[in-house]
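S.K.: First, the structure itself, so that you have it in front of you.
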Ligand SMILES: C[S@@+](CC[C@H](N)C(=O)[O-])C[C@H]1O[C@@H](n2cnc3c(N)ncnc32)[C@H](O)[C@@H]1O
């Protein structure tokens, strides 16, 4: 079961149980929020895989209570939900949010990319990597695939006049056989699946480069420090 579904189930169960307790003792709504926070925190410690889920569960009922008491039209919440989904849609499937490669990372990445190579950015965000390559390394044939609609649309306009190939779609539907370099800045979650895909599809001698995230039990051939405040690294595997 995904962590997002767990969140919904834990919250709903805690809300129902808290509603029962509050109605029996005739407590005010604030006690309902406190009870939900405590119950869902216990659920998070038992069923989620990161401590920060506990924080989200604890804060959520108070924000809900606040939102119910604010004079805001409920359609705004629907609009905010749709907007979030269109920007961060990949989070629900692969737990990969949107954050962008910085210029230090791109310079180090470019040093790894041979002259005239074909490169694909898997989960290409707003097209930052492709825009950088079309400007500073026009010899490289660049391609990108992005699932979330708003980043894809931004990339679409940004790259409209360039030679970059910009696709809307799922990383796991892309054929990697045609690329010399595959770049991925995703999250720990899809890395094993990505490694299996790379081994099956990429040609011998081609490079898989991950920004920041390891592949369990597959040591990279090289690790390059990006030198940013996060201590990020590029990990390079030769297929
Ligand atoms: C961390 S961002 C990296 C953006 C860009 N590659 C860069 O380095 O600036 C990861 C992106 O991958 C996208 N993503 C996540 N899962 C995806 C999938 N299965 N298929 C396509 N894109 C996906 C997310 O929507 C997000 O925009």
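S.K.: Name the pairs: first residue in the stretch 146-174 and closer than 18 Å to residue 84 by Cα, second residue more than 13 Å from the ligand (Cβ to nearest atom) and modelled with pLDDT under 95, Cβ to Cβ under 8 Å, at least 6 apart or on different chains?
M.R.: Note: pairs meeting the criteria are 150/83.
S.K.: Right, here's the next one. If the requirement is being loosely packed, with under 15 Cβ neighbours inside 10 Å and either within 30 Å of residue 143 (Cβ to Cβ) or within 24 Å of the chain's Cα centre (by Cα) (or both), which of these qualifies: 106, 45?
M.R.: Working: 106 fails: loosely packed, with under 15 Cβ neighbours inside 10 Å.
Testing whether each residue is loosely packed, with under 15 Cβ neighbours inside 10 Å and either within 30 Å of residue 143 (Cβ to Cβ) or within 24 Å of the chain's Cα centre (by Cα) (or both) leaves just 45.
S.K.: Here's a follow-up. So, residue 114, is that one in a loop (DSSP other than H, G, I, E, B) and in the same structural domain as residue 234 (by TED's automatic domain parsing) or not?
M.R.: Details: in a loop (DSSP other than H, G, I, E, B): yes; in the same structural domain as residue 234 (by TED's automatic domain parsing): yes.
Considered against the rule, which asks whether it is in a loop (DSSP other than H, G, I, E, B) and in the same structural domain as residue 234 (by TED's automatic domain parsing), residue 114 comes out as yes.
S.K.: Sticking with this structure for a sec: Looking at the stretch 117-137, which of its residues are closer than 13 Å to residue 151 by Cβ, more than 6 Å from the ligand (Cβ to nearest atom) and part of a helix (DSSP H, G or I)? Steps first, please.
M.R.: Applying the first criterion (closer than 13 Å to residue 151 by Cβ) to the stretch 117-137 yields 121, 123-131.
Then drop every residue that is not more than 6 Å from the ligand (Cβ to nearest atom), which leaves 126-127, 130-131.
Across the stretch 117-137, the qualifying residues are 130, 131.
S.K.: Tally the residues that are away from the ligand (no atom under 13 Å from the Cβ) and outside any loop (DSSP other than H, G, I, E, B), restricting the search to the stretch 155-164.
M.R.: 2
S.K.: Does at least one position in the stretch 124-133 carry a residue that is out of contact with any helix residue (DSSP H, G or I) (no Cβ under 8 Å at 6 or more places or on another chain), touching a residue at least 40 places away in the same chain (Cβ under 8 Å) and more than 17 Å from residue 95 (Cα to Cα)?
M.R.: no
S.K.: A follow-up question, please. Only one of (1) surrounded by 13 or more Cβ atoms within 10 Å (Cβ to Cβ); (2) modelled with pLDDT of 95 or more; (3) under 27 Å from residue 135 (Cα atoms) is not met by residue 201, so which one is it?
M.R.: (3)
Conditions (1) outside any helix (DSSP H, G or I); (2) surrounded by 13 or more Cβ atoms within 10 Å (Cβ to Cβ), marked per residue:
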| residue | (1), (2) |
| --- | --- |
| 139 | yes, no |
| 150 | no, yes |
| 166 | yes, yes |
| 183 | yes, yes |
| 210 | yes, yes |
| 213 | yes, yes |
| 217 | yes, no |
| 220 | yes, yes |
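S.K.: Out of the residues in the stretch 1-20 that are exposed (fewer than 14 other Cβ atoms within 10 Å of the Cβ) and without any contact (Cβ under 8 Å) to a residue 60 or more places away in the chain, which is farthest from the chain's Cα centre (by Cα)? Give the derivation first.
M.R.: Quick first cut of the stretch 1-20, residues exposed (fewer than 14 other Cβ atoms within 10 Å of the Cβ) only: 1-2, 4-5, 8-9, 12, 16, 19-20.
Filter once more, so that each one left must be without any contact (Cβ under 8 Å) to a residue 60 or more places away in the chain: 1, 5, 8-9, 12, 16, 19-20.
Working: 1: 18, 5: 17, 8: 19, 9: 22, 12: 25, 16: 31, 19: 34, 20: 37 Å.
The extreme case among them is 20.
S.K.: Suppose the filter is over 28 Å from residue 193 (Cβ atoms) and part of a helix (DSSP H, G or I); does residue 88 pass it? Break it down stepwise before answering.
M.R.: Values: over 28 Å from residue 193 (Cβ atoms): no; part of a helix (DSSP H, G or I): yes.
Answer is no for this residue.
S.K.: Continuing with the same structure: Which is out of contact with any strand residue (DSSP E or B) (no Cβ under 6 Å at 6 or more places or on another chain), away from the ligand (no atom under 16 Å from the Cβ) and within 29 Å of residue 9 (Cα to Cα), of 81, 98? I'd like the intermediate steps shown before the answer.
M.R.: On the way: 98 fails: away from the ligand (no atom under 16 Å from the Cβ).
Selected residue: 81, the only one of 81, 98 that is out of contact with any strand residue (DSSP E or B) (no Cβ under 6 Å at 6 or more places or on another chain), away from the ligand (no atom under 16 Å from the Cβ) and within 29 Å of residue 9 (Cα to Cα).
S.K.: Still on this structure: Keeping to the stretch 138-154, report how many residues are within 13 Å of the ligand (Cβ to nearest atom) and either outside the structural domain of residue 170 (by TED's automatic domain parsing) or closer than 23 Å to residue 194 by Cα (or both).
M.R.: We begin by selecting, within the stretch 138-154, every residue within 13 Å of the ligand (Cβ to nearest atom); these are 142-154.
Narrowing the set further to residues that are either outside the structural domain of residue 170 (by TED's automatic domain parsing) or closer than 23 Å to residue 194 by Cα (or both) leaves 142-149, 151-152.
Of the residues in that region, 10 qualify.
The values are calculated or read from the model by the stated rules, or taken from the named source; none is laboratory data. What you see is a predicted model; the values in this text were computed from it and never measured. Cβ coordinates were reconstructed from backbone atoms using ideal geometry, including for glycine residues, and neighbour counts include every protein chain displayed.
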